[in-house]
Amino acid sequence: MDSRDQHQIRKSAGDGLAAAFEMVVTPALFGLLGWYIDSLVGLFPLFTLLLAAIVLAYETYKLYASYCRSLDEALAQRRARYRHDRP
């Protein structure tokens, strides 16, 4: 395995770790914000669950869109390579 492959593996692992961290921490922070708002207003689970669910749905959509975009880019690269290699 050459250094280019190792770099790609490390980059992919870092991207995956960043996505996992974002999927967990961001909804948790918004849940804490909702908990604070609930404690001020007196509606305990409403804003906590609402903000955490909205942010989790957004993060899931963002991850899915990023994955689809990367698949489309990889497909375009393969098609370009195939056209270039054909006589």
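If you go through the range 1-28 and keep only what is of a type in the set (A, V, I, L, M) and in contact (Cβ under 8 Å) with a residue 12 or more places away in the chain, you end up with 19, 23, 28. Only one of the numbered conditions (1) without any contact (Cβ under 8 Å) to a residue 40 or more places away in the chain; (2) under 22 Å from the mean Cα position of the chain (by Cα); (3) surrounded by 11 or more Cβ atoms within 10 Å (Cβ to Cβ) is not met by residue 73, and that is (3).
The sole residue among 42, 31 that is without any contact (Cβ under 8 Å) to a residue 60 or more places away in the chain and closer than 29 Å to residue 16 by Cβ is 31.
Conditions (1) free of Cβ contacts under 8 Å to residues at least 40 places away in the same chain; (2) of a type outside the set (Ser, Thr, Tyr), marked per residue:
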residue	(1), (2)
48	yes, no
60	yes, no
63	no, yes
68	yes, yes
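Scanning the range 1-57 for residues that are among the polar types (S, T, N, Q) and in contact with a helix residue (DSSP H, G or I) (Cβ under 9 Å, 6 or more places away or on another chain), we see that the one that is surrounded by the most Cβ atoms within 10 Å (Cβ to Cβ) is 48.
Any read-out appearing in this document is the output of simple, stated calculations on the displayed coordinates, not a laboratory observation. Being a predicted model, the structure only gives us computed values, none of them experimental. Reconstructed Cβ throughout: ideal geometry from the backbone, glycine too, with neighbour counts over all protein chains shown.
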